[in-house]
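Trainee: Quick one: the structure is below, questions incoming.
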Amino acid sequence: MVQLVGSLRKELADSLSACRVLVVGAGGIGCELLKNLVLTGFKNIEVIDLDTIDVSNLNRQFLFQKKHVGKSKAQVAKESVLQFCPTANITAYHDSIMNPEYNVEFFRNFMLVMNALDNRAARNHVNRMCLAADIPLIESGTAGYLGQVTVIKKGLTECYECQPKPTQKTFPGCTIRNTPSEPIHCIVWAKYLFNQLFGEEDADQEVSPDTADPELSWNPADTEARATASDQDGDIKRVSTKDWARSTGYDAVKLFNKLFKDDIQYLLTMDKLWKKRKAPLPLDWLEIQKLACPQEVTGTGLKDQQVLGVAGYSQLFSRSVETLRSMLADKGDGAELVWDKDDPPAMDFVTAAANLRMHIFSMNMKSRFDIKSMAGNIIPAIATTNAVIAGLIVLEALKILSGDVEQCRTIFLNKQPNPRKKLLVPCALDPPSANCYVCASKPEVTVKLNVHKTLVLALQDKILKEKFGMVAPDVQIEDGKGTILISSEEGETEANNSKFLSDFGIRHGSRLQVDDFLQDYTLLVNVIHCEDLEKDVEFEVVGDAPDKAPTPPSAQEDKNVANGNKDSAEPSTSSKAPAEQDDVLIVDSDEEEPSSSTMDVRMESGGHKRKLHDAETGEASAKRQRLDQPLAADEEDDDIIALD
């Protein structure tokens with residue numbers, strides 16, 4: 001007779017109460033997951049999250065209340081979950097999982113790691129740490145009504161980085177409000193601004209500087225105090241952005257100076273943000289009108305494909321504000337406008353505001369055509385989707401702890417039932433990719449760049465850290481001398497940063513061995529010298545197969561370096577280790593397939609094929625190849641960004 005504890009076999013229930021698990025992220029999915037874990041019988045849980053609680057989180061992160069605004073998500077989640085199960089042993093860290101102290105040995109303390117993250121950099125990092133520690137990882141993500149859960153086990157399944165991912169389209173609120181680094185950040189900010197001024201106000205879409213930015217302080221008490229202070233009225237009545245704009249009569253000059261001068265000057269007082277970033281440059285309306293030419297235009301072709309100057313966009317901002325003010329007045333008191341990329345005044349406003357912000361943050365401005373193409377399809381965050389996905393995470397965790405890893409599946413949550421009337425569809429896990437530059441036995445990539453124009457600093461920051469997700473890379477040139485190009489030890493190779501790769505003898509066919517001790521990760525980079533890269537393109541990753549790399553005449557014999565295996569890893573060039581949505585696939589069958597990568601995609605409605613959407617980006621996933629037809633106009637996703 002099978003002995004049960006609640007709904008579980010006694011052996012499994014005992015395993016749950018004894019094992020240690022790590023939850024990375026305490027936001028939308030994380031809150032639901034933590035509650036599910038303790039109610040299922042998990043007793044030893046550690047949770048880590050760098051973020052603090054914002055008012056906008058309260059509509060879907062149900063472990064938090066208004067009194068918690070400004071406090072650590074991880075700490076408050078722990079306190080709330082303990083009310084469900086006071087005997088649970090929960091440890092909370094208000095910290096970044098990418099902090100060096102959370103090394104491979106830290107990950108080896110757990111039987112299972114569960115991701116509930118909102119950004120790719122942290123996902124990549126946790127993926128590598130779990131591979132290095134040989135610990136099962138359950139990855140998850142949501143995008144509107146879509147969701148996915150998958151299991152990653154070294155040597156058995158694909159890792160998170162086995163397949164290329166489209167460009168990310170979900171961003172933390174503090175990035176949008178404080179530290180934009182890409183044009184899409186400015187476009188999202190401009191759309192938020194439209195809604196704050198003329199549309200339905202939403203706490204998720206605040207555009208003013210974020211004083212509770214977790215990056216401003218590592219001290220939870222300081223962060224809490226700052227957020228609490230900003231949320232209290234005191235003797236000053238807080239006025240919404242729309243009410244303030246109405247009080248000025250939607251004066252375009254006052255709006256301009258407030259948004260592009262006063263707010264930027266306030267951001268500059270947050271000096272910690274600008275220690276490693278280029279500081280923004282405020283704009284003043286009068287100075288722009290005196291010094292610049294409104295007719296300044298770059299680019300050729302159609303009007304929508306041209307890029308105006310700062311003066312031109314300031315005038316466009318003024319005209320669009322006046323037009324939108326008149327449209328709002330014609331609708332009467334309490335009316336709201338709805339942003340539509342096909343509405344010329346709304347598109348003019350977003351184009352102007354986004355480009356002015358791009359200029360402030362030292363980015364190349366974009367044409368109206370480019371901005372229109374980037375401004376759609378930003379995905380909403382929905383509480384019920386988070387809840388469903390969190391439940392699926394626990395079900396996969398039970399399989400792992402039962403010793404049935406081979407029974408684990410990738411599970412997709414559909415927006416609509418498929419032809420078999422199923423919303424949840426399981427797929428067999430794919431095996432590891434032989435060409436993955438993370439989990440292959442000999443990770444190797446080929447990079448095309450101009451060795452005479454690429455700085456060592458660009459290699460470190462843009463290629464190794466940004467593109468390949470490393471945290472603290474060490475680089476050694478395979479030139480027979482073991483020349484150290486980059487060291488993660490502070491001060492050792494900083495003098496190299498301003499030099500070009502060619503200054504160190506790097507040329508077409510050179511090979512670089514890159515180690516990241518924190519991630520226990522080694523990568524061989526093959527260099528292809530190219531002088532005719534496209535404009536504004538600094539480098540390209542060539543193909544995804546190691547055999548496409550050039551073989552230099554003097555190359556050393558290949559070293560078989562298996563990442564995640566301390567015994568086989570080559571020594572790093574450094575003596576010690578350095579001091580946070582996801583692929584969603586909609587399938588048309590509820591039957592398990594041999595491999596999810598061969599599946600077709602159909603929606604029951606209309607019977608036509610539909611693009612897969614990456615829950616992190618809203619774009620079609622490169623993981624599954626198929627023919628696609630465009631969506632009907634009424635099937636497009638909402639133009640709201642997901643922040644959790």
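The values are calculated or read from the model by the stated rules, or taken from the named source; none is laboratory data. Quick caveat, the model's predicted, so the values are computed rather than measured. Note: ideal-geometry Cβ built from the backbone for every residue, glycine included; neighbour counts use all protein chains shown. Each accessible area value is taken on the protein alone, full model and side chains, heavy atoms only, with ligands, DNA and RNA left out. Shrake-Rupley method; radii C 1.70, N 1.55, O 1.52, S 1.80 Å.
Trainee: Being surrounded by fewer than 21 Cβ atoms within 10 Å (Cβ to Cβ) and assigned to a loop (DSSP other than H, G, I, E, B) is the filter here, so list the residues in the stretch 401-413 that pass it.
Mentor: SER402, GLY403, ASP404 - these are the residues of the stretch 401-413 that are surrounded by fewer than 21 Cβ atoms within 10 Å (Cβ to Cβ) and assigned to a loop (DSSP other than H, G, I, E, B).
Trainee: Anything in the stretch 95-133 that is aliphatic (A, V, I, L, M), outside any helix (DSSP H, G or I), more than 18 Å from the chain's Cα centre (by Cα) and surrounded by 19 or more Cβ atoms within 10 Å (Cβ to Cβ)? List them, or say none.
Mentor: Those that are aliphatic (A, V, I, L, M), outside any helix (DSSP H, G or I), more than 18 Å from the chain's Cα centre (by Cα) and surrounded by 19 or more Cβ atoms within 10 Å (Cβ to Cβ): LEU112, VAL113.
Trainee: Here is a follow-up. In the stretch 467-508, what residues are in a helix (DSSP H, G or I), open to solvent by 30 Å² or more (accessible area, probe 1.4 Å) and of a type outside the set (D, E, K, R)?
Mentor: Scanning the stretch 467-508 gives ALA495, SER502, PHE504.
Trainee: Got at least one residue in the stretch 253-269 being at pLDDT below 85 and open to solvent by 30 Å² or more (accessible area, probe 1.4 Å)?
Mentor: Going through the stretch 253-269, the residues at pLDDT below 85 turn out to be none.
No, that holds for no residue.
Trainee: How many residues are hydrophobic (A, V, I, L, M, F, W, C) and in a helix (DSSP H, G or I) when one looks only at the stretch 28-50? Walk me through it before giving the result.
Mentor: Quick first cut of the stretch 28-50, residues hydrophobic (A, V, I, L, M, F, W, C) only: 29, 31, 33-34, 37-39, 42, 45, 47-48, 50.
Still in the list and also in a helix (DSSP H, G or I): 29, 31, 33-34, 37-39.
The qualifying residues number 7.
Trainee: Tally the residues that are out of contact with any strand residue (DSSP E or B) (no Cβ under 7 Å at 6 or more places or on another chain) and basic (Lys, Arg), restricting the search to the stretch 131-167.
Mentor: So the count comes out to 2.
Trainee: For the stretch 334-355, name all the residues that are open to solvent by 50 Å² or more (accessible area, probe 1.4 Å), within 23 Å of HIS185 (Cα to Cα) and in a loop (DSSP other than H, G, I, E, B). Spell out the reasoning first.
Mentor: Just the residues of the stretch 334-355 that are open to solvent by 50 Å² or more (accessible area, probe 1.4 Å), to begin with: 334, 336, 338, 340-342, 344.
Checking the rest, the ones that are also within 23 Å of HIS185 (Cα to Cα) come to 338, 340-342, 344.
Within the stretch 334-355, VAL338, ASP340, LYS341, ASP342 qualify.
Trainee: Would you be able to tell me the number of residues in the stretch 518-545 that are open to solvent by less than 80 Å² (accessible area, probe 1.4 Å) and within 26 Å of the chain's Cα centre (by Cα)? Working first, answer last.
Mentor: Applying the first criterion (open to solvent by less than 80 Å² (accessible area, probe 1.4 Å)) to the stretch 518-545 yields 518-530, 533, 537, 539-543, 545.
Restricting the remaining residues to those that are within 26 Å of the chain's Cα centre (by Cα) gives 518-525, 537, 539-543, 545.
Residues that pass the stated criteria total 15.
Trainee: Against the conditions (1) more than 26 Å from the chain's Cα centre (by Cα); (2) not in a helix (DSSP H, G or I), where does LEU63 fall short? Just the number, please.
Mentor: (1)
Trainee: Quick one: in the stretch 439-466, of everything that is among the small types (Gly, Ala, Ser) and within 23 Å of CYS159 (Cβ to Cβ), which residue is most open to solvent (accessible area, probe 1.4 Å)? Show your work before the answer.
Mentor: First pass over the stretch 439-466, keeping only residues among the small types (Gly, Ala, Ser): 440-441, 458.
Still in the list and also within 23 Å of CYS159 (Cβ to Cβ): 440-441.
On the way: ALA440: 12, SER441: 74 Å².
That would be SER441.
Trainee: Another one. Select, from CYS427, CYS436, the only residue that is open to solvent by less than 20 Å² (accessible area, probe 1.4 Å), more than 23 Å from the chain's Cα centre (by Cα) and of a type in the set (A, V, I, L, M, F, W, C). Write out each step before concluding.
Mentor: Numbers: CYS436 fails: more than 23 Å from the chain's Cα centre (by Cα).
Being open to solvent by less than 20 Å² (accessible area, probe 1.4 Å), more than 23 Å from the chain's Cα centre (by Cα) and of a type in the set (A, V, I, L, M, F, W, C) holds for just one of CYS427, CYS436, which is CYS427.
Trainee: Residues in the stretch 225-247: is at least one in contact with a Ser or Thr (Cβ under 6 Å, 6 or more places away or on another chain), in a helix (DSSP H, G or I), of a type outside the set (S, T, N, Q) and modelled with pLDDT of 90 or more?
Mentor: no
Trainee: Taking the stretch 137-161, which residues are surrounded by fewer than 24 Cβ atoms within 10 Å (Cβ to Cβ) and over 18 Å from ILE29 (Cα atoms)?
Mentor: LYS153, LYS154, GLY155, LEU156, THR157, GLU158, GLU161
Trainee: Does ALA13 meet the test of being open to solvent by less than 30 Å² (accessible area, probe 1.4 Å), in contact with a helix residue (DSSP H, G or I) (Cβ under 8 Å, 6 or more places away or on another chain) and either of a type in the set (A, V, I, L, M) or in a loop (DSSP other than H, G, I, E, B) (or both)?
Mentor: Values: open to solvent by less than 30 Å² (accessible area, probe 1.4 Å): yes; in contact with a helix residue (DSSP H, G or I) (Cβ under 8 Å, 6 or more places away or on another chain): no; either of a type in the set (A, V, I, L, M) or in a loop (DSSP other than H, G, I, E, B) (or both): yes.
When the stated conditions are applied, ALA13 does not pass them.
Trainee: Of everything in the stretch 303-333 that's over 23 Å from ASN257 (Cα atoms), open to solvent by 70 Å² or more (accessible area, probe 1.4 Å) and more than 34 Å from the chain's Cα centre (by Cα), which residue is modelled with the highest pLDDT?
Mentor: Of everything passing the filter in the stretch 303-333, ASP330 is modelled with the highest pLDDT.
Trainee: Which of the residues that make up the stretch 356-400 are small (Gly, Ala, Ser), open to solvent by less than 20 Å² (accessible area, probe 1.4 Å) and at pLDDT below 95? Don't jump to the end; show me each part of the working.
Mentor: Let us first name the residues in the stretch 356-400 that are small (Gly, Ala, Ser), namely 362, 367, 373, 375-376, 381, 383, 387, 390-391, 397.
From the residues that got through so far, the ones that are open to solvent by less than 20 Å² (accessible area, probe 1.4 Å) too are 367, 375-376, 390, 397.
SER367, ALA375, GLY376 - these are the residues of the stretch 356-400 that are small (Gly, Ala, Ser), open to solvent by less than 20 Å² (accessible area, probe 1.4 Å) and at pLDDT below 95.
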